[in-house]
Every structure is written in C-alpha cells, then in structure tokens.
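Working notes, beginning with the structure itself.
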Amino acid sequence: MTDSSPAETVTVVVNGSPRPAAAGSSLEHLVATLGFSGRPIAVELDGEVVPRPALATRRLAGGERIEIVTFVGGG
Amino acid sequence: MAATDALTTSPDAADAPLVVGGITLASRLVVGTGKYATSAEMARCLDVSGTDCVTVAVRRERLVNAAGENILDHLDATRYALLPNTAGCYSADDAVRVARLGRALLRDLGTATSEWVKLEVLGDTKTLLPDPVGTLEATERLVADGFTVLVYTSDDPVVAKRLKSLGAASVMPAGSPIGSGQGVLNPNNLRICLEYLKDGDPSYPVIVDAGVGTASDVALAMELGADGVLLNTAIAHAQDPIRMAAAMRDACRAGRLAHLAGRIPRRLYATASSPDDGRIVRHG
C-alpha cells in the first residue's frame, strides 16, 4: 500500500440503510455526498447529536450508525 | 375605571398576551403543519389562522430525491415560532433523542425558540394517549438539559400538577385523543387542571392540545380559561381548510373574550329580558 492508494472502504448505516464510506472521511463529507450541504438537517452519530460545525472533525471508522433528520409537517 | 377603559378601547387591548417560556405570542392558537394537501395550502391556512407558533415533526431525510423541497421552504422561521414535537416516540429515551435533534435543527436556524420542544411520549398507537410515566421522566430529563418543555398530557389534573412541578414551561392537556375531532370531552377535568396549574400562578400557560374537531371546541376550551389551543387535523382535513382556519382564529378570539368577560350563571328557569312594568296585558 502506498500513500496514494484509495482509502479503505467501510460500511456505515445511514438512516437505517448500509452505505459505503471512505475510512477516515468526515461526516461533513458524507453529508455533502448525500446532497445535504446548506440544507436544514441535524445529524446524530451513534446516538449523539453532532452540532453542524463539528461535522468536519468527526471521522468515520466504519460501523457507525448515523441519522440525518429534518423538519416535516406535524402536529 | 377599567370598565370605562374597556368601553373606549378595543376589547382585545385589555388582555395580556400569551407568554410561554419568556416568549410572547401574539396569537393564542398554535397550529400544526401536518396533513395538508399541499405546502401552499398549509402556508395559506397558517396565514389565515393568525397563528405565530407552529409545530413541526422531526423525521429522517430522504436519501433519494434529497434535493426535494423542505417544509422550511414554505415556513418563514422569522414569522413563526417553530415548536418541534416528539410525535411517534413511545419511550422517554426516544423522546429525549428526538428533542435533541429538533434543538440542533433550531439552533442552526438561529430561532428564538431554539430550546423549545413539544414533548409527546405516547402509550399506544391506537389511542395515541400519553404514557404518563414516560412523559414525567422525559420532562424531568429535558428540563435538566435546558429545554423549554411544552408537554402534551391527558386531562388528568394530578399528572398535570406533577408535570408543572418538574419544570414544564406549559402543560398541554388533551381535550380528546389526537386527531379524533371529539372536542373537549371532559370540561370538568380541564377546569380542575386549570385551577391547579394556575393556583397562585395565574399567568402559567395552559394550552389545550389535541382533539379539536370544529370551531366551537376551540371556543369552549378558551371559555374554560385555557390560555391557548393547539390543533392541526381540524384545519388540515376540513372540507375547506382555509375557511376552517379563519373559523378557528375567530373562535379562539371569541372564546378568550367570553372568558375574560365572564359568563352568566346557568339557571334552570327563565329570566325575562324585557321589563315587567308597563306591560299593556296581564298574565298569571
């Protein structure tokens, strides 16, 4: 393996569905990949809310359970 | 003097506004944003209802078609205080988790009500009645975590008192089951809730949440002395939701004014409105 090798692909669970992610990639990258940059969302990582400014510093190792939520109509 | 003032100024001007958790609300109606046929209809109904506080739910983002519209595209968060609910939660743990996600969303939006939550901990899917034990536990935990808790509960006065003593910013007894349209089924329980919750604390906000079917239900709740009414389905699923939104707005105002005005006592027998003196005929 050299430094230029692509990162190992791991699996995370996003909103209940398994999804590939590059090991060591950030939650912010995942959010951007899913098209949610700039959208009103909140992110939970293994049961803990991750404030938006902290998304860039939280790295994925694989196996994490991630919830990405927004507001919908409700009473 | 107060009476003279009331005659010379708008009847509404004599009323103090509803304050919940330090935030002043111009309207006493809290309106839900669920179940409308279209987002445009929702926006119009909210506008017509006069509300300035609306509930929203917290749900998973769609991972496909993620670029689709968001409810916030149709809700001006500077006009409406957003009140996220924990609908669909059947345990204190789940409700606390959802409340924290709602708070994260509100904090990103920078809203004045970023610590607000409409707490629901439900008992079962058929009745959607609150689980009182889970509701008490979640209230305690959320208050400790800094939330302003507006809590959905039954019309049980003892539970209502316990929720207030745990620090709930507003206790919100149900008139009848959520979405049932049965109105206020037990006005006497609601009266006792109001008496207990406002004892020595008359401005403590009590909002009747759930069960409203039509305008008279709102008027009745307000006449009993509730500080506000929270409703959703009664507008969203009316045959003409926009017209019903107007009816709810007027019923809320009418009920409040009637409460402040003080109704006459009920009597079994009639009392004539026209004078006995000066009649040209005699009877009995």
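The values are calculated or read from the model by the stated rules, or taken from the named source; none is laboratory data. These numbers come from a predicted model, not from an experiment. Here Cβ is always computed from backbone atoms with ideal geometry, including for glycine, and neighbour counts include all displayed protein chains. Side chains are part of the model used for accessible areas, which takes the heavy atoms of the whole protein and leaves out ligands, DNA and RNA. Shrake-Rupley method; radii C 1.70, N 1.55, O 1.52, S 1.80 Å.
Condition check ((1) facing chain A (nearest Cβ under 10 Å); (2) more than 30 Å from residue B:26 (Cβ to Cβ); (3) open to solvent by 10 Å² or more (accessible area, probe 1.4 Å); (4) acidic (Asp, Glu)) across all residues:
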position	(1), (2), (3), (4)
B:108	yes, no, yes, yes
B:119	no, no, no, no
B:123	no, yes, yes, no
B:131	no, yes, yes, yes
Self-check item: Some residue of region B:48-64 being within 11 Å of chain A (Cβ to nearest Cβ) and among the hydroxyl-bearing types (Ser, Thr, Tyr)
Solution: yes
Self-check item: Selected residue [closer than 23 Å to residue B:30 by Cβ and over 18 Å from the mean Cα position of the chain (by Cα)] from B:264, B:235, B:242
Solution: B:242
Quiz item: List the pairs whose first member sits in region B:164-190 and is touching a residue at least 60 places away in the same chain (Cβ under 8 Å), whose second member is surrounded by fewer than 16 Cβ atoms within 10 Å (Cβ to Cβ) and not charged (D, E, K, R), and whose Cβ atoms are under 9 Å apart, counting only residues at least 6 apart or on separate chains?
Solution: B:169/B:22
Quiz item: Could we say that residue B:227 is touching a residue at least 24 places away in the same chain (Cβ under 8 Å), touching a Leu at 6+ places or on another chain (Cβ under 6 Å) and either closer than 22 Å to residue B:24 by Cβ or open to solvent by 10 Å² or more (accessible area, probe 1.4 Å) (or both) here?
Solution: yes
Exercise. Working only within region B:27-41, note down all residues that are touching a helix residue (DSSP H, G or I) at 6+ places or on another chain (Cβ under 8 Å), of a type outside the set (D, E, K, R), farther than 27 Å from residue B:257 by Cα and outside any loop (DSSP other than H, G, I, E, B).
Key: B:39
Quiz item: Does region A:29-37 include one or more residues that are outside any helix (DSSP H, G or I), more than 27 Å from residue B:36 (Cα to Cα) and open to solvent by 30 Å² or more (accessible area, probe 1.4 Å)?
Solution: yes
Quiz item: Is region B:154-172 home to any residue that is of a type in the set (Val, Ile, Thr) and crowded, with 24+ Cβ neighbours inside 10 Å?
Solution: yes
Quiz item: Of all residues in region A:46-71 being hydrophobic (A, V, I, L, M, F, W, C) and surrounded by fewer than 16 Cβ atoms within 10 Å (Cβ to Cβ), which is farthest from the other protein chains (Cβ to nearest Cβ)?
Solution: A:61
